[in-house]
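Encoded as structure tokens, the structure appears first; notes follow it.
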Amino acid sequence: MSQIPDIKKWYISNFETFENSLNGGSLKPIHQVRKEAIADFSKLNFPTTHDEDWRFTNITPLLKHDFISGERIKLKHKEIKNFLFKKISDNLLVFVNGHYAPEFSKSKNLPEEIKPGSLADEIEKGSEIVDKYLGKYANCKTQIFTALSTAFTQDGAFIYVPDNLIVDVPINILFITATGGKKILSQPRNLFVVGKNSQISIVERYVTLDDGIYFTNVVSEIVAGENSIVNHIKIQEEGLNAFHVSRTEIDQEKNSNFTSYSISLGGEISRNDVNSKFNDEGGECTLNGLYLLTGSQLYDTHSLVDHAKPHCTSHENYKGILDDNSRGVFNGKVIVRKDAQKTNAFQENKNIILSDNALVDTKPQLEIFADDVKCSHGATVGQLDEDSLFYLKSRGIGEDKARSILIHAFASDVIKSIKIEPVKNYLEEILERRFNKEIS
Amino acid sequence: MLEIKNLHASIEGKEILKGISLKINAGEVHAIMGPNGSGKSTLAQVLAGRKEYVVTSGEVLFEGKNLLDLSPEDRAREGIFLAFQYPVEIPGVSNTNLLKTAINEIRKYRGEEQLDAMEFLTILKKKMKLVEMDQSLLSRAVNEGFSGGEKKRNEILQMAVLEPKLSILDETDSGLDIDALRVVANGVTKLRSKDTASIVVTHYQRLLNYIIPDFVHVLYNGRIVKSGTKELAFELEEKGYDWLKDQKELVEG
Ligand SMILES: Nc1ncnc2c1ncn2[C@@H]1O[C@H](COP(=O)(O)OP(=O)(O)OP(=O)(O)O)[C@@H](O)[C@H]1O
Ligand SMILES: [Mg+2]
């Protein structure tokens, strides 16, 4: 264990080791970006609860560990197969401890114009897409975790969909951590660029093989090109001793339609940021969230929808179910800039507390600088409705089952709207397993 | 079938039921009437097991078992059904799902086979016909956005599917137009048998034209102040409840 003031030094000293390990890689243009990022990193400080954006999330436990970058290791197929969604795993990218694992990755029936793969390979190839987009949306000047990610940029998922291409099968990306007793830091750096008139669905899933202490710090940048449809599902199922910090930045071009699901189930402390910016008119953005927290988990979700241009619509629907001593934080901000007339922005966060000790801090925020807009927001925190519970019981349905039915019902609008059937079924199953004690 | 002995119940420290005794045999229909706030719904809810109402003394036997010891779900599984005065809306839970879960939970309790989807649908179709309910209401969330009449009809559908031994209808007739009233009454009448019994809470004589009660009781200020046969309902309709105030004193005295 290090002292907290030392932890920054620890990562900075690791950067030197990392640089040396790159050999020829340090000659690529991206290395200049890394070097700037480590400079930013050294200027920034890890947030404390005095920072407005981290008011309710004390990350001291995360800073007590001297995490090291995960090594490339080989897993057996049987170790990963339980994490694959049935029926939709034909197109799969697997990352182990942050490194691409080509032995498990595959694609089938994909149009040949699209080749999902690893960022490391793209960097190696000198990809123009990487040079053009990487780091452009996830700025590291103010956010230390992004600076850390950028400084250590090495690998992650890379998907480029050229113009006019409809990809009608989802791409699955599995991030596995296998600590083997080491305190591993994985920093997947994902880049998804979707061209004009194209369409794609991407499912990210974060899991672990053991209950070790590790840290995933992920940054994803998504470009939704003109008139594109992008569907992004992120399922975070890290171990209960793990830390997970995630930032997803979305660039929405003209008439683009972006939908996201942030599903959070694991992690001791996790933080999820989703920020979308309308960079042109006519865009639509739907952000959904579902978090199920137990034990002493802490989950902090922040979102920002930046209506920088007129005629865009955003919907946000986040739901939380909290048990035991868990703690949830929702902060959803919608900015409607001065010129963004005819904006529609709706935001809602609802929480159900199942125990006496769970707690949620919710703060929906609307900042409106235009006058011709339709906006609404709301947040609720409550318990399962006693009248509904009694009603179900009076029909012969037992306590546990009645609770499970109501919890399902609460989460159902988020889950039912997921269009990828196996993912939807999997989440239904999780709800069933967690809350229907008769079954488990 | 049901025996209520000197039942006292309160909510938030306020006594609502002040000593109710009532005996209901299989095959009988008992109507309970009485002014607003007299405790009719409280009695119904206490019988169904709502824990907000605290039973401070008295006893309730259902087929010889101590009803007050049972959880609400076990009471339902034993064969008690309450049609709520104000049925709850439950967004996100479909009517069909509720019914299927309920019937199978009850069957499990009784050691009977679970119904599969087909068997369940067959039963459901039959019962839907009985209450003349529109198919489209089934896939909708329980009572969500239902009209008053649809909600009441839905209660009767649930009753028809669950086939209780004792059904308690709490103002199922209130707010129904004459067609809906006929449907509800028909439903109840068809389910009537020598092995079942009903408690019908109502303010109006008109329902009792269809469901002829064996006994009529007047609940007033937490007590049954008068019991009689169906003629009593006519008398109440005509005279209101005021004349019973004196009766009450009589009972108290
Ligand atoms: N949850 C509660 N908290 C406090 N008082 C209550 C509660 N529920 C019922 N009461 C009171 O108990 C009394 C009896 O109510 P109840 O609903 O049983 O009357 P009722 O006979 O069914 O009336 P109505 O004909 O209007 O349906 C009323 O004075 C009511 O205000
Ligand atoms: Mg009432």
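Amide H contacts of A:THR362 (H built 1.01 Å from N, in plane; Pro and chain starts excluded): A:PHE330 sit under 5 Å, all sequence-distant by 5 or more or on other chains.
Springs join every pair of Cα atoms under 10 Å in this Gaussian network model of chain A, and among A:THR17, A:THR259, A:THR48 the largest mean-square fluctuation is at A:THR17. Taking 7 Å steps out from each Cα toward its Cβ at A:ASN241 and B:ASN209 produces label points 7.6 nm apart.
How much mean residue ellipticity at 222 nm does chain A get from its helices, if each DSSP H run of length 4 or more adds -39500 (n - 2.57) and you divide by all residues, to the nearest 500 deg cm²/dmol? Walk me through the numbers on the way to the answer.
Values: 10 runs with 103 residues, N = 440.
That calculation yields -7000 deg cm²/dmol at 222 nm.
Note that the range B:14-25 has calculated 3J(HN,Hα) couplings of 9, 6, 10, 9, 10, x, 10, 10, 7, 10, 10, 9 Hz, one per residue in order, obtained from phi through the Karplus relation 6.51 cos²θ - 1.76 cosθ + 1.60 (θ = phi - 60°); glycine and proline are x.
Can you tell me the length gained on complete extension of the stretch A:LYS64 to A:ASN357, counting 0.36 nm per residue apart and subtracting the Cα distance? Spell out each step's value before the answer.
Numbers: separation 293, 0.36 × 293 = 105.48 nm, distance 2.57 nm.
Fully extending the segment from A:LYS64 to A:ASN357 adds 102.9 nm.
For chain A, set up a Gaussian network in which alpha carbons nearer than 10 Å are linked by springs, and say which option among A:VAL207, A:VAL167, A:VAL274 fluctuates the most. Sorting by GNM fluctuation, first place goes to A:VAL167. Helix-only estimate, please: 222 nm mean residue ellipticity of chain B, summing -39500 (n - 2.57) across DSSP H runs of length 4 or more and dividing by its residues, to the nearest 500. The helix contribution divided over chain B gives -12000 deg cm²/dmol. Buried accessible area between A and B (1.4 Å probe, both chains summed, ligands and nucleic acids excluded), in Å² to the nearest 100? Counting protein atoms only, the buried area is about 2000 Å². Amide H contacts of A:SER69 (H built 1.01 Å from N, in plane; Pro and chain starts excluded): A:LEU185 sit under 5 Å, all sequence-distant by 5 or more or on other chains. Pairs spanning more than 18 Å between alpha-carbon atoms, out of A:LYS74/A:LYS234; A:LYS277/A:LYS342; A:LYS401/B:LYS108; B:LYS65/B:LYS100; A:LYS277/A:LYS338: A:LYS74/A:LYS234; B:LYS65/B:LYS100. Annotation: amide H-H contacts under 5 Å for A:GLY289 (H modelled 1.01 Å from N, sequence separation of 5 or more, or interchain): A:SER262, A:ASN317, A:TYR318, A:LYS319. For the range A:99-181, applying the loop criterion from DSSP together with a ceiling of 10 other beta carbons within 10 Å to the trypsin sites (Lys or Arg not before Pro) yields A:LYS108.
Could you sort the residues of the range A:373-411 by number and keep only those whose accessible area is reduced by 40 Å² or more in the all-protein-chain setting relative to the chain alone, 1.4 Å probe? Buried on complex formation: A:GLU386, A:ASP387, A:PHE390, A:TYR391, A:LYS393, A:SER394, A:ARG395, A:GLY396, A:ILE397, A:ILE405, A:ALA409. Taking only the Cα atoms of the range A:386-440, the ratio Rg/Rh comes out at 1.03, with Rh defined as the Kirkwood radius. Expressed as a whole percentage, what fraction of the accessible surface of the range A:105-150 belongs to carbon and sulfur atoms when a 1.4 Å probe is rolled over the protein heavy atoms? It is 44 percent, rounded to a whole number.
Let a ≥ b ≥ c be the square roots of the eigenvalues of the Cα gyration tensor of the range A:4-280; is it rounded (a/c under 1.5), or, if not, prolate (a/b larger than b/c) or oblate? Could the numbers behind the result be given before it?
Details: a/c = 1.43, a/b = 1.27, b/c = 1.13.
Cα axes put the range A:4-280 in the rounded bin.
Pairs of Cα atoms under 8 Å, at least six residues apart: use those to get the relative contact order of chain A, whole percent. Relative CO of chain A lands at 9 percent.
For the range A:43-59, backbone phi angles converted through the Karplus equation (6.51, -1.76, 1.60; θ = phi - 60°) give residue-by-residue couplings of 7, 7, 10, 5, x, 10, 6, 7, 7, 3, 6, 10, 3, 9, 10, 8, 9 Hz, Gly and Pro being listed as x. Using alpha carbons only, how many angstrom separate the centre of the range A:1-73 from the centre of the range A:202-235? Taking the Cα centre of each part, the range A:1-73 and the range A:202-235 sit 20 Å apart.
Could you compute the FRET efficiency for B:GLU3 and A:LYS78, with r as their C-beta to C-beta distance and R0 at 56 Å, rounded to 0.05?
E between B:GLU3 and A:LYS78, to the nearest 0.05, is 0.35.
How far apart, in nanometres, would the label points at A:LYS115 and B:PHE234 be if each is projected 7 angstrom from Cα along the Cα-to-Cβ direction? For the pair A:LYS115/B:PHE234, the computed spacing is 9.4 nm. Largest GNM mean-square fluctuation among B:ARG223, B:ARG107, B:ARG192, using chain B with Cα springs under 10 Å: B:ARG107. The value of relative contact order for the range A:101-196, using C-alpha pairs under 8 Å at least six residues apart, is 37 percent.
Summarise the accessible area of chain B (1.4 Å probe, protein heavy atoms) by the percent that is carbon and sulfur.
Values: 5510 of 11160 Å².
Of all accessible area on chain B, carbon and sulfur atoms account for 49 percent.
Comparing Cα centroids, the range B:1-62 and the range A:402-438 end up 38 angstrom apart.
Here is the size of the range A:206-343 from its Cα atoms: Rg then Dmax, 15.9, 50 Å.
The charge dipole of the protein assembly as shown, taken about its Cα centre with unit charges on the Cβ atoms of Lys, Arg (+1), Asp and Glu (-1) only, comes to about 780 debye. If you average the alpha carbon positions of the range B:85-137 and of the range A:259-278, how far apart do those two centres end up, in angstrom? The range B:85-137 and the range A:259-278 have Cα centres separated by 38 Å. These residues, B:LYS190, A:LYS277, go from largest to smallest accessible area, 1.4 Å probe, as B:LYS190, A:LYS277.
Convert 4 °C to kelvin, take the viscosity as 1.567 mPa s, use the Kirkwood radius over C-alpha pairs of the protein assembly as shown as Rh, and evaluate the Stokes-Einstein diffusion coefficient in µm²/s, rounded to a whole number. Write down the numbers at each step before the final one.
Values: Rh = 28.7 Å.
It diffuses with D of about 45 µm²/s by this estimate.
Tell me, what is the per residue accessible area of chain A in Å², probe radius 1.4 Å? Mind showing how you got there, number by number?
Numbers: 17890 Å² over 440 residues.
Each residue of chain A exposes 41 Å² on average to a 1.4 Å probe.
Computed over the range B:66-119, the P(r) curve from all C-alpha pair distances, binned at 10 Å from the origin, holds 20, 46, 31, 4 percent per bin.
For B:ASN66 and B:ARG110, a Förster radius of 22 Å and the Cβ-Cβ distance give a FRET efficiency of 0.70, rounded to the nearest 0.05.
The values are calculated or read from the model by the stated rules, or taken from the named source; none is laboratory data. Given the structure is predicted, the values throughout are model-derived calculations rather than measurements. All Cβ positions, glycine included, derive from the backbone under ideal geometry; neighbour counts span all protein chains shown. Surface accessibility is based on the protein's heavy atoms, side chains included, excluding ligands, DNA and RNA. Shrake-Rupley method; radii C 1.70, N 1.55, O 1.52, S 1.80 Å.
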